[in-house]
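Trainee: Shown below is the structure under consideration.
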Amino acid sequence: MSLNRREFIGIGGAAVAGMALAPSLRLIDLAQARSPEEAVTSLKRWGLLIDINKCQDCNACVTACHEENGVYGHGRPASDPQWIRKVTLKDKLTGYVQTLPLMCQHCESPPCVDVCPTGASFKRADGIVLVDKHICIGCRYCMMACPYKARSFVHEDITDQKPHAPRGKGTVESCTLCVHRVDTGNIPACVEACSKDGNQAMVFGDLKDRNSDISKYLASGPSIQLRPDLNLNTGVRYRGI
Amino acid sequence: MGKIKQIVVGGVALVAAGLLAVTLAQAANVSGVKSKGIGPTVKIHRGEQCVEPTGDMRRNHMKYILHQRDKTMHQGIRTTKHSFKNCVDCHADPITNSVQGQDGFCSSCHEYASVKIDCFSCHTDKRDKNAVEVAPFKGTAAKGAQP
């Protein structure tokens, strides 16, 4: 087999390009991965984009979330906790129906944090809004302040919690953006389930990184925050509402 | 005649001593049951040494957990050395998989000292089935228990 000069350069160039590109993607990941003893910083802001055009009549995200975090009810919908729920929107004029998952929107200026009397409701440096149940007194001010009805109160004793998701009676809880998974470099359970069993409608990533999937997705088309009039700058964005 | 008597008595004493030694050895194999009757039952099933010296852990374990709690919750620092999850994963009973209940590592001592803990109103008292990096079992106490 003989190669002429042109073929040799062509094959060689492709090989070099492959070698240069493939590991560089990996290297960026490694450079950004946080070690367990390193504190979170505001250099990142975790966000979620949900494409309503792709979201269909499926419950994969809700099931996955509640399975991952050990959230279960007692058959009492009025008081059972829920971290994520499906909401149906219907245009009364045309009858057009859409469905979307709704959870904590991880606001940049969260009203739940403003009203908390003990500091239990707080925002982490990387934008994840959480409840520190060690200091939550169960007053439920945050539940009233949240415009998205994202938080639940635990009314009943809980057993068999997941080791990574402590939950207890008398405290308020909500979506944690699967903080235990995010801290170890994984994506939230709902996003994983949506891409595997659902309709690939959810994208998770760093909103401050221009090269992340979510930033590119957001830059490539329109998206909205729910209740933009409140100026909360939510970390969860929707497309197609 | 006297000599034969002496030999028989000596032999009996030797057998008794042997039996005693075997019983003691078996008792020791039920890994580290510290006391009977008065005092808590402290069973150590895994490893040779806790994350800090034993005396330090007895006095200060709550401070270590509290410190780590705030770092994990607010700063996302998830090192295992002083983590609550690590305590449970290592100290859980190999049969019940729990640190609570009768003779549970946490509950036996806390009941004896009459100090109420509310960790387990939110946290699970069972070890993580997928836990890795915990110390290996010691002795024969945990035969048949899951790794």
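The values are calculated or read from the model by the stated rules, or taken from the named source; none is laboratory data. Just so it is clear, the structure is predicted and the values come from calculations on it, not from any experiment. Glycine also receives a Cβ, built like all others from the backbone with ideal geometry; neighbour counts cover every protein chain displayed.
Trainee: Just checking, how many residues over the range A:171-188 are of a type in the set (Gly, Ala, Ser) and either surrounded by 15 or more Cβ atoms within 10 Å (Cβ to Cβ) or at the interface with chain B (Cβ under 7 Å from one of its Cβ atoms) (or both)?
Mentor: The qualifying residues number 1.
Trainee: Give the range B:98-125 a look and list any residue that's over 19 Å from B:Thr41 (Cα atoms) and surrounded by 13 or more Cβ atoms within 10 Å (Cβ to Cβ), or say none.
Mentor: B:Cys119, B:Phe120, B:Ser121, B:Cys122, B:His123, B:Thr124
Trainee: Keeping to the range B:68-94, report how many residues are more than 17 Å from B:Gly47 (Cα to Cα) and touching a residue at least 40 places away in the same chain (Cβ under 8 Å).
Mentor: 0
Trainee: Counting just the residues of the range B:35-64 that are without any contact (Cβ under 8 Å) to a residue 24 or more places away in the chain and aliphatic (A, V, I, L, M), which one comes out nearest to B:Ala113 (Cα to Cα)?
Mentor: B:Ile38
Trainee: Restricting the range B:102-128 to residues that are part of a loop (DSSP other than H, G, I, E, B), within 14 Å of another protein chain (Cβ to nearest Cβ) and free of Cβ contacts under 8 Å to residues at least 24 places away in the same chain, which is farthest from A:Lys162 (Cα to Cα)?
Mentor: Step by step, filter the range B:102-128, then rank; the result is B:Ile117.
Trainee: Still on this structure, I have one more. Which of the residues that make up the range B:40-88 are at the interface with another protein chain (Cβ under 10 Å from one of its Cβ atoms) and in contact with a Cys (Cβ under 8 Å, 6 or more places away or on another chain)?
Mentor: B:Phe84
Trainee: Taking the condition on the phi < 0 side of the Ramachandran plot, at pLDDT 85 or above and either charged (D, E, K, R) or within 18 Å of the chain's Cα centre (by Cα) (or both), does B:Ile65 pass?
Mentor: No; evaluated as a whole, the condition is false for this residue.
Trainee: Still on this structure: Given (1) modelled with pLDDT of 90 or more; (2) loosely packed, with under 11 Cβ neighbours inside 10 Å, identify the lone condition not met by B:Ala25.
Mentor: (1)
Trainee: Scanning the range A:197-218 for residues that are outside any loop (DSSP other than H, G, I, E, B) and touching a residue at least 12 places away in the same chain (Cβ under 8 Å), which turns out nearest to A:Cys61 (Cα to Cα)?
Mentor: Within the range A:197-218, the match that is nearest to A:Cys61 (Cα to Cα) is A:Met202.
Trainee: Also, I was wondering about something else. Please verify whether A:Gly221 is within 27 Å of A:Asn69 (Cα to Cα) and either in a loop (DSSP other than H, G, I, E, B) or touching a strand residue (DSSP E or B) at 6+ places or on another chain (Cβ under 9 Å) (or both), treating the condition exactly as stated.
Mentor: No.
Trainee: Given the criteria at pLDDT 95 or above and either more than 30 Å from A:Val129 (Cα to Cα) or in contact with an Asp or Glu (Cβ under 8 Å, 6 or more places away or on another chain) (or both), does A:Ala60 qualify?
Mentor: Against the criterion (at pLDDT 95 or above and either more than 30 Å from A:Val129 (Cα to Cα) or in contact with an Asp or Glu (Cβ under 8 Å, 6 or more places away or on another chain) (or both)), A:Ala60 qualifies.
Trainee: Just the residues that are of a type in the set (Asp, Glu) and modelled with pLDDT of 80 or more, please, taken from the range B:104-146.
Mentor: If the condition is that a residue be of a type in the set (Asp, Glu) and modelled with pLDDT of 80 or more, then B:Glu111, B:Asp118, B:Asp125, B:Asp128 are the ones that fit.
Trainee: Counting only residues that are part of a loop (DSSP other than H, G, I, E, B) and among the aliphatic types (A, V, I, L, M), which one in the range B:60-101 is farthest from A:His180 (Cα to Cα)?
Mentor: The extreme case among them is B:Ile95.
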